[in-house]
Amino acid sequence: MNQRRTLPMTPRPRRPALGKALALCLVAGAMSCWGGPGEDLYNEFVDKGQIYGDEEWQGYVQRLGARLLEQSEDAGKPYHFFVLDNSAVNAFATPDAYIFINRGLIAFLANEDQLAAVIGHEIGHVVGRHARRQRSANLFGKSVGLIAAIFTRRGELMEVSDAATRTVVSGYGREMELEADRLGGEFLAKAGYNPLAIIDTVQVLKDQELFAKQVERRPATYHGLFASHPKNDKRLHDAVAYALPLLPDTVAPSVADFPTMLDGLVYGDESLAGLARDNTFYHGGLRVVIDFPAGWTLTNSQAEVTGIAPNGREEASISVGRHAWRRRESPEEFLTERLQRDDLKSGEPVEINGFKGYLGELTVEGGTEKLKLIGVLYRGKDVFLFTGAAGAKGDPEALRDAFARTMQGLRNMTPEDAEVANERRIRVIVAEPDQTYADLARQSALSRRPEETLRLLNGGWPNAEPRAGNYVKIVE
């Protein structure tokens, strides 16, 4: 088993104030004047633990991106390449040359040429100034729902609107996507990669699209390079074939051994909609972790996660749900005005782990409950509501302590948390004679449609079988 080192992530320095930034623009040139949203996104990804914590993969895409960039008209300009800890099949670029590739996309690629095709295409969007030409640069920096749209594809604990994130989700439109293909093909060929890998990558992702629609009955989640082309698009073939004469006589060695890199890659996202392990709740979509008291049992529904004390609800329980943030609404106003809690007996503002909040006590009328507490924490654009009760056999002071510790247990997910929450890994093996995907599925950690998923993962969907001696990706 490959053991990779976790990458310590520190945010890049924030951009200077407007006056200083303008002066820097005059010195550095137009691209620097235009830049900014990618840097902000990067810092938010770091803050929320959304950069994939594997330094070997980060170094790999940075070296590969640099090799391709050297073949473009932007050679020498600052570009930044990162792998996101996201299981969605996607990649995107910001106008200030931050290029993000999801590990979920990487899992379905077959070789370095295909990874280069993805990165080259995204460089093509930046070189082609597509965000500026589409007047969409502000989407990256100002959309409240962008981070959520990128990282959350299901509704549990989330209220996501993607109206302002069309570019990331669905691409720049046919003409600009074709231009990015043409430019990407040039960069690939000049760097010694097969530009036809762009077409191979489209095929891989078209299979992904068909699988999503026909087998899983869900929409595909990728954009641009993968969404805008019919399977046998002559314009795409012509745009890519144009670059074939640019191939050098001597092909440069690979940046890294792709099968070796794939071995150990985190697969999927078990915690995307919420996952409880022991007394800790992980939510991969929100990138949040909540530690409940030791020994408590957790249950997770679509609306909330609930912790139950060792002796059951008659002792104590605490529930946590997520609500949408509203501008200029304080945590206390969230309770009294939006939720109209007229049973709030007392309370006070609090700050926990840097999150503004409110902690209060509710009136207990009738029933067997001895104490009821309520709390609110604001985490960016997320509002987390805590409710707790001490039952007939409970200790009110013990509930106060457990409630405070649970509110203190809400934190941003780190790469280390993601490692714990998502245990499944890709393993690369050599296929044996007469081995089938049905054989491999019986040993797989995949619980839903393992045979079909392994075919898709290896480019063999819907009915191919492994060939003896070939590398095969499995999931353990």
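Summary of values
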item: Qualifying residue in the stretch 40-62 (condition: in the same structural domain as GLU122 (by TED's automatic domain parsing), surrounded by fewer than 23 Cβ atoms within 10 Å (Cβ to Cβ) and within 16 Å of GLY192 (Cβ to Cβ)); result: no
item: Leading residue by the ranking (nearest to THR260 (Cα to Cα)) among those in the stretch 429-476 that are β-branched (Val, Ile, Thr) and surrounded by fewer than 18 Cβ atoms within 10 Å (Cβ to Cβ); result: ILE429
item: From ALA303, ALA324, ALA316, residue being buried (at least 20 other Cβ atoms within 10 Å of the Cβ), among the hydrophobic types (A, V, I, L, M, F, W, C) and in contact with a strand residue (DSSP E or B) (Cβ under 8 Å, 6 or more places away or on another chain); result: ALA316
item: Lone unmet requirement of (1) outside any helix (DSSP H, G or I); (2) over 25 Å from GLU452 (Cβ atoms); (3) at pLDDT below 65; (4) polar (S, T, N, Q) for ASN194; result: (3)
item: Within the stretch 105-121, tally of residues that are small (Gly, Ala, Ser) and crowded, with 24+ Cβ neighbours inside 10 Å; result: 3
item: Condition met for THR406 (polar (S, T, N, Q), within 26 Å of PRO310 (Cα to Cα) and modelled with pLDDT under 95); result: no
item: Selection within the stretch 261-316 - modelled with pLDDT of 95 or more, touching a Phe, Trp or Tyr at 6+ places or on another chain (Cβ under 9 Å) and part of a loop (DSSP other than H, G, I, E, B); result: LEU265, ASN279, PHE292, ALA309, PRO310
item: Failed item in (1) modelled with pLDDT under 95; (2) surrounded by fewer than 22 Cβ atoms within 10 Å (Cβ to Cβ); (3) touching a Pro at 6+ places or on another chain (Cβ under 9 Å), with ASP233 passing the rest; result: (3)
item: Failed condition for ALA294, given (1) surrounded by 13 or more Cβ atoms within 10 Å (Cβ to Cβ); (2) closer than 22 Å to ASN279 by Cβ; result: (1)
item: Residue check for GLU432: free of Cβ contacts under 8 Å to residues at least 60 places away in the same chain and over 25 Å from SER271 (Cβ atoms); result: yes
item: Residue match in the stretch 363-376 (condition: outside any loop (DSSP other than H, G, I, E, B), within 30 Å of the chain's Cα centre (by Cα) and over 26 Å from PHE108 (Cβ atoms)); result: yes
item: Any chance ASP85 is on the phi < 0 side of the Ramachandran plot, of a type in the set (Asp, Glu), touching a residue at least 40 places away in the same chain (Cβ under 8 Å) and in contact with a Phe, Trp or Tyr (Cβ under 8 Å, 6 or more places away or on another chain); result: yes
item: Condition broken by ALA252, with the remaining ones in (1) closer than 30 Å to LEU410 by Cβ; (2) part of a loop (DSSP other than H, G, I, E, B) satisfied; result: (1)
item: Flag for LYS345 being over 19 Å from VAL289 (Cβ atoms) and either not assigned by TED's automatic domain parsing to the domain that holds VAL305 or not in a loop (DSSP other than H, G, I, E, B) (or both); result: yes
item: Selected residue (only one of ALA91, ALA131, ALA116 is touching a Phe, Trp or Tyr at 6+ places or on another chain (Cβ under 8 Å), small (Gly, Ala, Ser) and at pLDDT 95 or above); result: ALA116
item: Flag if LEU335 is modelled with pLDDT of 95 or more, of a type in the set (A, V, I, L, M), part of a helix (DSSP H, G or I) and more than 26 Å from SER271 (Cβ to Cβ); result: yes
item: Check on LEU18, hydrophobic (A, V, I, L, M, F, W, C) and modelled with pLDDT of 95 or more; result: no
item: Residue count for the stretch 392-428, restricted to those that are within 19 Å of GLY274 (Cα to Cα), of a type in the set (Asp, Glu) and surrounded by fewer than 17 Cβ atoms within 10 Å (Cβ to Cβ); result: 3
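The values are calculated or read from the model by the stated rules, or taken from the named source; none is laboratory data. Note that the structure is a prediction, hence the values are computed from the model and not measured. FYI the Cβ positions are ideal-geometry reconstructions off the backbone, even for glycines, and counts take in every protein chain you see.
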